[in-house]
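Below: one structure, written as structure tokens.
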Amino acid sequence: MAEIQDAIQEKKTDKELYSYQKGAIDIIFDKFETAPDDFHLLYQLPTGGGKTVIFSEIVRQYLRNHNKKVLVMTHRVELCKQTSDMLTSFGVVNKVVNSTANLADQAKYSCFVAMVETLNNRLNDDKLDISDIGLVIIDEAHYNSFTKLFKFFEKSFILGVTATPLSSNRNLPMKDNYQELIVGESIESLIENEFLAEVEVFQYNMGLTSLEIGSNGDYTVKSSDDLYSAVGMLDQLYQAYLNHSKGKKTLIFNNGINTSIQVYYHLKAEGLPVAHLDNTATKKQRKQILKWFRETPDAILTSVSILTTGFDEPTIDTIILNRATRSLTLYFQMIGRGSRILNNKSRFSVIDLGNNYQRFGPWEAPLDWQAIFRSPDYYMDRLISDDELESNFRYEMPEELRAEFSKSKEVFFNIKTTYQDATFKGESSKVVLERSIAQHAYICVENSEDVYDALGLAKMLGDDIDYRIERYSQCISKSTHNFISWLKDDYRLKLRSYLRDNFDTVFEEINGFPPED
């Protein structure tokens, strides 16, 4: 086995192995010794915990102690290169099996790194000899593209690694492909021991009932684009940025290319340093944009999921989730991009514009991964629906806006309660919006000297109006995007009309005397 011994160079890595990483390696090697040769083991460790470091050291030790070869599989080209470089830093000579690789010299190598699709083609064409592969390592194992290759490795030990042992396809649970899960260090523990940065979350209650769920179980790009490309949503993103991330390096995640482009133009028009990146960019463009992002302290990068894996930029200060997702994996991946720690950075911020925090809970909160691994359907079925989630929201005016209505003791109007009362009395649902408009008009008049002041205040109520319409659409079980948009526009028209027609009457009712001409 001289070839394999020669393939491991005496080269020190600059990656220091921490105690929890060494502990995980010991547990995994114990499985190599005690489990069958064809055992399927899954290892979980949070993003930023050093999964690649761990499995690179595993490869190094495995090749020293076993008379077999190793194959590492990834799901993206960028991860192939990063994995190969990490293995090399551990002294493991490896060959990347890509679409242009010359496999004539494959016998010289003890370790291969391949992207799943390329490997599938090479194996189906019988171009790669895998007869001596003893260990297969699968990075980002929650993706299901790997399972089609398992048939080629029926005699190999398979080690899957992932931050989230929950399959990307509900119909293909991970428990069907892996016999055991080993849970690594928790996010909470990694933060406490200063391996990951602390997070501060800024939540916004968002009306998402117009979003549609696609066949993959997550929100469709089209419905997300329709919602998040609206001017009101773009303005909310901009204001959230100004309030919580102005001048800080910021990474924005969107669910559609159109949304990301609209975000780019919206922020650029405000004179902010912003760039857009999606999967249509060339390698050269991507490299230039990421270089700019790394070197610009206050850079804003708006993107479309392309940077959820295989992207490390510890200088990020803020993550903006400008999208909703029903994928726990994606939730952790997006937030994880900001969790890398630096000498001068121990905290980062998350601005959540998709109700994700309410849907999944705090990023750093403990999760029972064993239970999720064993019963993924039970976990998924218990995810709170948007209707139920939003029914608990209560719109609160921002402080600056509330100051404009300082003469009003109460500005909140309960749409749901009003609807229930109207239904109980047999009234039309239309009276709910009529009463809401009357209440909005009342607080506008209460804080005005004349009708023009009142109309000006009414223009400031956009978010409150949108919130009320979202609640109303839930009550009447109509939530198409076009219908809700029409209701919002119609409400604004009727509120202005009500103020013009009734200002004097309402003013006299409030003050006991008519307004001066």
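Observations on the structure shown:
- Any hit, region 440-452, residues being outside the structural domain of Gln239 (by TED's automatic domain parsing), in contact (Cβ under 8 Å) with a residue 24 or more places away in the chain, of a type in the set (Asp, Glu) and in a loop (DSSP other than H, G, I, E, B): yes
- For region 232-248, the tally of residues that are crowded, with 21+ Cβ neighbours inside 10 Å and in contact with a helix residue (DSSP H, G or I) (Cβ under 6 Å, 6 or more places away or on another chain) stands at 0.
- Boolean, Leu251 is more than 30 Å from Ile469 (Cα to Cα), crowded, with 19+ Cβ neighbours inside 10 Å and in contact with a helix residue (DSSP H, G or I) (Cβ under 9 Å, 6 or more places away or on another chain): yes
- Subset of region 345-395 (residues that are assigned by TED's automatic domain parsing to the domain that holds Thr325, of a type in the set (D, E, K, R) and closer than 24 Å to Leu227 by Cα): Asp352, Arg359
- Residue in region 116-124 that is among the basic types (Lys, Arg) and out of contact with any Pro (no Cβ under 8 Å at 6 or more places or on another chain) present: yes
- Residues located in region 184-203, provided they are out of contact with any Gly (no Cβ under 9 Å at 6 or more places or on another chain) and assigned to a loop (DSSP other than H, G, I, E, B): Ser186, Asn193, Glu194
- Criterion: in the same structural domain as Leu41 (by TED's automatic domain parsing), modelled with pLDDT of 85 or more and buried (at least 17 other Cβ atoms within 10 Å of the Cβ) - qualifying residue of Leu123, Leu119, Leu181, Leu128: Leu181
- Just one of the numbered conditions (1) in contact with a helix residue (DSSP H, G or I) (Cβ under 7 Å, 6 or more places away or on another chain); (2) among the charged types (D, E, K, R); (3) modelled with pLDDT under 95 is not true of Arg435: (3).
- When we screen Leu487, Leu495, Leu499 for residues that are in contact with a His (Cβ under 7 Å, 6 or more places away or on another chain) and not assigned by TED's automatic domain parsing to the domain that holds Tyr228, the only hit is Leu495.
- Flag if Ile469 is within 20 Å of Phe393 (Cβ to Cβ) and either assigned to a helix (DSSP H, G or I) or modelled with pLDDT of 95 or more (or both): yes
- Enumeration of residues in region 25-51 that are in a loop (DSSP other than H, G, I, E, B) and in contact with a Lys or Arg (Cβ under 7 Å, 6 or more places away or on another chain): Asp37, Asp38, Phe39, Leu45, Gly48
- Within region 256-292, considering residues that are β-branched (Val, Ile, Thr) and within 20 Å of Asp225 (Cα to Cα), the one surrounded by the fewest Cβ atoms within 10 Å (Cβ to Cβ): Thr280
- Region 137-152 - residue that is surrounded by fewer than 22 Cβ atoms within 10 Å (Cβ to Cβ) and touching a residue at least 24 places away in the same chain (Cβ under 8 Å) and, of those, farthest from Glu78 (Cα to Cα): Phe152
- Filter pass, Ser224 being more than 21 Å from Tyr379 (Cβ to Cβ), in contact with a His (Cβ under 6 Å, 6 or more places away or on another chain) and in contact (Cβ under 8 Å) with a residue 40 or more places away in the chain: no
- Subset of region 398-430 [assigned to a helix (DSSP H, G or I) and over 30 Å from Glu449 (Cβ atoms)]: Lys416, Thr417, Tyr419, Gln420, Asp421, Ala422, Thr423, Phe424, Lys430
- Asn67 meets each of the listed conditions (1) modelled with pLDDT under 90; (2) closer than 15 Å to Ile137 by Cβ; (3) touching a helix residue (DSSP H, G or I) at 6+ places or on another chain (Cβ under 8 Å) apart from (2).
- Long-range neighbours under 9 Å by Cβ, at least six apart or interchain, first residue without any contact (Cβ under 8 Å) to a residue 60 or more places away in the chain within region 107-118, second outside any strand (DSSP E or B) and of a type in the set (Phe, Trp, Tyr): Val116/Tyr143; Val116/Phe146
- Output for region 363-417, where each listed residue is of a type in the set (Ser, Thr, Tyr) and under 21 Å from the mean Cα position of the chain (by Cα): Tyr379, Ser385
- Top-ranked residue in region 53-80 [being crowded, with 24+ Cβ neighbours inside 10 Å and among the polar types (S, T, N, Q); ranked as farthest from Glu16 (Cα to Cα)]: Thr74
- All of Lys407, Lys459 fail the test of being exposed (fewer than 15 other Cβ atoms within 10 Å of the Cβ) and without any contact (Cβ under 8 Å) to a residue 12 or more places away in the chain, apart from Lys459.
- Test: Thr505 is over 22 Å from Pro398 (Cβ atoms) and in contact (Cβ under 8 Å) with a residue 24 or more places away in the chain: no
The values are calculated or read from the model by the stated rules, or taken from the named source; none is laboratory data. Everything numeric here is computed off the predicted structure, so don't read it as measured data. Note that each Cβ is placed from the backbone with ideal geometry, even for glycine, and that neighbours are counted across all protein chains shown.
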